[in-house]
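Handing you this structure, nothing more for now.
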Amino acid sequence: MLYHLLYALHTQVSLFNVFRYITLRTIYATLTALLITFLLGPRVIRLLQRHQIGQHIRAEGPQSHFSKAGTPTMGGILILFAVTVATLCWADLTNLYIWLILLVTLGFGFIGFMDDYLKLIKKRNKGLSARAKFILQFLFALIPAVVLYYYEYNTRLNIPFFKAVTPDLGWGYMLLTLFIIVGTSNAVNLTDGLDGLAIGPATIAFGTYLLFCYLTGHLKIANYLQIPYVPGSGEVAVFCGALVGAGIGFLWFNAYPAQVFMGDVGSLSLGAALGTVAVITKHEIVLILVGGLFVVEALSVIFQVGYFKMTHGKRIFRMAPLHHHFELKGWSEPKIIVRFWIIAVILSLLSISTLKLR
């Protein structure tokens, strides 16, 4: 009897020790978020349909998109719920980075929710004004910018391929953090224009940063690779794993032809989360490569608008963002989506190579 009691106690203690490993908890966070998304996905879609929360198609957009009018949107709520629950279940809740990144993700999700709510439910065509949206984004991004500046005291910027070059930005690091979080949030938002186009590359990007989180949070590996060691950043891998799981689960319903769209509540929060993870892991510049697809999409809009104003009506692309340009050139939607995914994988592999190249 005593033997069986001791054996049971030993098994419980061993199981507890196993779950101390970040790798295992990251796997279970991924599976938890994936399972939640799979199980709740159909219910959320039916709920959105019942309340007639459907996608509004702009008159100036590609005509092929008119058939998507009425497709349930604001599905990003499902992603946020799955990620939050999985992170709270498996992450170390004494870790400051976990609470910071959850705050930013949910904060930008709130901005996106308000924008979607005003457009789709209150029928206010433009939703939140550009000024109101920017002010709210700035305020939510300011929190991690200030906290990380005073918490880390590490304001050096790490340059890929040149590991000996680490300029100290001082208080300018806070401005960089603001720019990265707000910029990435809007870049992902601009990319979210085709079925699965944003969630696919976003999932790949979070998978890449999952690796970066683990490496920068491991003293021996960080020293070996000569990358910044950020104590506690390894725990953010659990959050990234949760987002990978939620992203895969959401893609099941968002793949062409989409049953649901993520809306601004999803795209703005995913972009902000990605930017925050990049800052926490001190891989800010690498984000240009990891999220290269989002960068190009955003630049295509900036160049198009700037060139249009400078030339009084001329255009560089047939339509911006860039994916619409390829649509108007005759590419089918699935071809654009899959090719963009392939590019995202290539960029991810290139970004991982920067760990050794210098």
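Rule-based calculations on the coordinates, nothing more; no lab input. Note that the structure is a prediction, hence the values are computed from the model and not measured. Heads up, the Cβs are rebuilt from the backbone with ideal geometry, glycines too, and the neighbour counts pull from every protein chain shown.
Just for region 322-349: of the residues that are of a type in the set (A, V, I, L, M) and farther than 12 Å from Ala205 by Cα, which one is surrounded by the fewest Cβ atoms within 10 Å (Cβ to Cβ)?
So the residue we want is Ile342.
A further question follows. Is there any pair with a first residue in region 125-138 that is within 21 Å of Ile53 (Cβ to Cβ) and a second that is of a type in the set (S, T, N, Q) whose Cβ atoms are under 7 Å apart and which are 6 or more apart or on different chains, and what are they?
Within 7 Å, no pair qualifies.
Within region 73-82, does at least one residue satisfy the condition of being out of contact with any Gly (no Cβ under 9 Å at 6 or more places or on another chain) and surrounded by 14 or more Cβ atoms within 10 Å (Cβ to Cβ)?
yes
Right, next: Can you tell which of Leu219, Leu169, Leu175 is over 30 Å from Leu78 (Cβ atoms) and in contact with a strand residue (DSSP E or B) (Cβ under 8 Å, 6 or more places away or on another chain)?
Exactly one residue qualifies, and that residue is Leu169.
Among the helices (runs of 4 or more DSSP H) lying completely within region 115-224, list those that include at least 2 residues that are under 23 Å from Asp92 (Cα atoms). It would help to see each step written out before you state the result.
On the way: elements: 130-152, 172-191, 199-216.
Correct list: 130-152, 199-216.
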